[in-house]
Every structure is written in structure tokens, then in C-alpha cells.
1. Within region 47-56, track down each residue that is surrounded by 14 or more Cβ atoms within 10 Å (Cβ to Cβ) and either at pLDDT below 95 or not in a strand (DSSP E or B) (or both).
2. Taking Q1, is it open to solvent by 70 Å² or more (accessible area, probe 1.4 Å) and either modelled with pLDDT under 95 or under 14 Å from W110 (Cα atoms) (or both)?
3. From G55, G42, G16, G35, which residue is closer than 13 Å to V116 by Cβ and either within 11 Å of the chain's Cα centre (by Cα) or not hydroxyl-bearing (S, T, Y) (or both)?
4. What single numbered condition from (1) out of contact with any Leu (no Cβ under 8 Å at 6 or more places or on another chain); (2) without any contact (Cβ under 8 Å) to a residue 40 or more places away in the chain fails to hold for F67?
5. Give me the pairs, please: first residue somewhere in region 28-50 and in contact (Cβ under 8 Å) with a residue 24 or more places away in the chain and more than 23 Å from Q3 (Cβ to Cβ), second residue anywhere and assigned to a strand (DSSP E or B) and open to solvent by less than 30 Å² (accessible area, probe 1.4 Å), beta-carbon distance under 6 Å, and either six or more positions apart or on two chains.
6. I'd like to check which strands (runs of 3 or more DSSP E) are fully inside region 57-120 and have at least 2 residues that are surrounded by fewer than 14 Cβ atoms within 10 Å (Cβ to Cβ).
7. For residues that are within 21 Å of F67 (Cα to Cα) and not in a strand (DSSP E or B), tally how many sit in region 24-40.
8. Filtering region 23-46 down to residues that are under 21 Å from T100 (Cα atoms) and aliphatic (A, V, I, L, M), which residue is surrounded by the most Cβ atoms within 10 Å (Cβ to Cβ)?
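The values are calculated or read from the model by the stated rules, or taken from the named source; none is laboratory data. Fair warning: this is a prediction, and the values are worked out from it, not measured in the lab. For neighbour counting, all protein chains shown are included, and Cβ atoms are generated from backbone atoms with ideal geometry for every residue, glycine included. Surface areas here come from the heavy atoms of the whole protein model, side chains and all, with no ligands, DNA or RNA. Shrake-Rupley method; radii C 1.70, N 1.55, O 1.52, S 1.80 Å.
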Amino acid sequence: QVQLVESGGGLVQAGGSLRLSCAASGSIFKINAMGWYHQAPGKQRELVASITTGGSTNYADSVKGRFTISRDNAKNTVYLQMNSLKPEDTAVYYCNVAGTTDWGASFRSWGQGIQVTVSS
């Protein structure tokens, strides 16, 4: 089993900041990439930011310059620092981790989702 536990969401006014955390645990041999997705009501889940264990990052254009993704490989934890938040950032945010299990199988696990609400 590979489990993800998310924390750090909440309610904030436009222009404010939040920091999301996601810790992975279980039968993990190697993590290839970690990322954050969000899903607004009535919309599909979309990639927000991703990071490899080597530190390469990728951001959606809508969050570039405002959000920063980082990781602690030793702790199997990924973070998303969200600054200058906008109402359109309101969504449920899901952590995602892809890698290989101890028995050699590829996996992709999702967090439970955490609500981020940005008021006008």
C-alpha cells in the first residue's frame, strides 16, 4: 500500500497565502515524481505543479510566479506554497505520487483531497 496524507488547506482572502503538504508512506521503493492537481466544482482535475526527485519542476501557466512546489525526498513529502491567491484558485487540491513499489510494480497514488477556498 502507498498512502498519501494531505494537510494545510483552508479559507483565505484574495492575495493571501497557504502552504499544502503531502506525505507518502507505504511499500515505496522509488518515487519518480510528485505533484499537485486541483479540481474546481463542475470541472476536470488539472495539473497545478509537479516535481521530480531530482528537482525538475513544472507549473501550469495560471499559477506560474505565484506557486512554488518543493519536496523532501528523505521524508517522501511534497509541498505547495501558494501565494497571491485568487478566487479562481478555489478548488479541491489533490496530491499525486508516481513511482515503484518494493515488489517492482509501478504505482500512482492520490491523496484524499484538501479544500482551498479563496474569497473575493
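1. Across region 47-56, the qualifying residues are T52, T53.
2. The answer is yes for Q1.
3. Details: G55 fails: closer than 13 Å to V116 by Cβ; G42 fails: closer than 13 Å to V116 by Cβ; G35 fails: closer than 13 Å to V116 by Cβ.
Unique residue meeting the criteria: G16.
4. Among (1) out of contact with any Leu (no Cβ under 8 Å at 6 or more places or on another chain); (2) without any contact (Cβ under 8 Å) to a residue 40 or more places away in the chain, the lone unmet condition for F67 is (1).
5. Matching pairs, first to second residue: A40/A91.
6. Result: 106-110, 114-119.
7. Residues meeting the conditions: 1.
8. Filtering region 23-46 down to residues under 21 Å from T100 (Cα atoms) leaves 23-37.
Filter once more, keeping what is aliphatic (A, V, I, L, M): 23-24, 28, 31, 33-34.
Values: A23: 18, A24: 21, I28: 18, I31: 20, A33: 18, M34: 27.
Once the filter is applied, the top-ranked residue is M34.
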